[in-house]
């Protein structure tokens, strides 16, 4: 009976959400469009997330991110997306894997110039998954972030890999 009560008390205590978490991040991104004859692009991804529901093993929140891939060989991409995210806390390991779904808009340019050039904006949707490693009290290393974005304007897909720094902002 005593162990049942202790287990029940533990369950209630751990089911109560803790304080929300706000963070900003930035990182180096390398990306490739699935459109033929386009080069690999290098640029930056930056954004902020807010985990409003924090539980002992999982957090739920929202992420807003921007990706800028400067024009190289007449190819460039600019995206702004947002969406829900889930973060998992692994016991005894400071690694935080996450996944999210994103929607937003983007502008894509590719082609050889002139008549063969595509330069348009449109709807963007996709998914991202990655892992952050806690390295200092308020600093995480974004070890890897993979994102797949479908760009509806030019009907192209973008596969990106990012690594960077996350700064968590403490507040109650």
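Bear in mind that the values in this text are calculations on the coordinates, not laboratory data. In this text the structure is predicted, and so the values were computed from the model without any measurement. Please note: Cβ atoms are built from the backbone with ideal geometry, for glycine as well, and neighbour counts cover all protein chains shown.
The C-alpha radius of gyration of region 17-169, expressed as a fraction of 2.2 N^0.38 Å, stands at 1.11. At what distance in nm do the modelled label points of residue 95 and residue 159 sit from each other, each positioned 7 Å from its Cα along Cα→Cβ? About 2.2 nm, to one decimal.
Evaluated at q = 0.21, 0.27 Å⁻¹, the base-10 log of the normalised Debye intensity for region 129-172, with identical point scatterers placed on the Cα atoms, takes the values -0.71, -0.89.
Of interest is the spacing of the C-alpha centroids, which for region 133-172 and region 31-88 amounts to 6 Å.
Each Cα pair under 8 Å and six or more residues apart adds its sequence gap; the mean of these over the residue count of region 17-169 is a relative contact order of 23 percent. Here the simple spin-label model places points 7 Å from the Cα toward Cβ, and for residue 73 and residue 20 these points are separated by 4.5 nm.
Show me the ranking of peptides 139-151, 32-44 by mean Cβ neighbours inside 10 Å, starting with the highest.
Working: 139-151: 18.6, 32-44: 15.5.
Ranking, from highest mean packing down: 139-151, 32-44.
Inter-label distance, residue 40 to residue 171: 3.9 nm, where each label sits 7 Å from its Cα along the C-beta direction.
Dividing the C-alpha radius of gyration of region 50-95 by 2.2 N^0.38 Å, with N its residue count, gives 1.71. Both radii come from the Cα set of region 17-73: Rg as radius of gyration, Rh as Kirkwood radius; their ratio Rg/Rh reads 1.19. Remark: the residue 133-residue 30 segment gains 35.1 nm on full extension, using 0.36 nm per residue and subtracting the alpha carbon distance.
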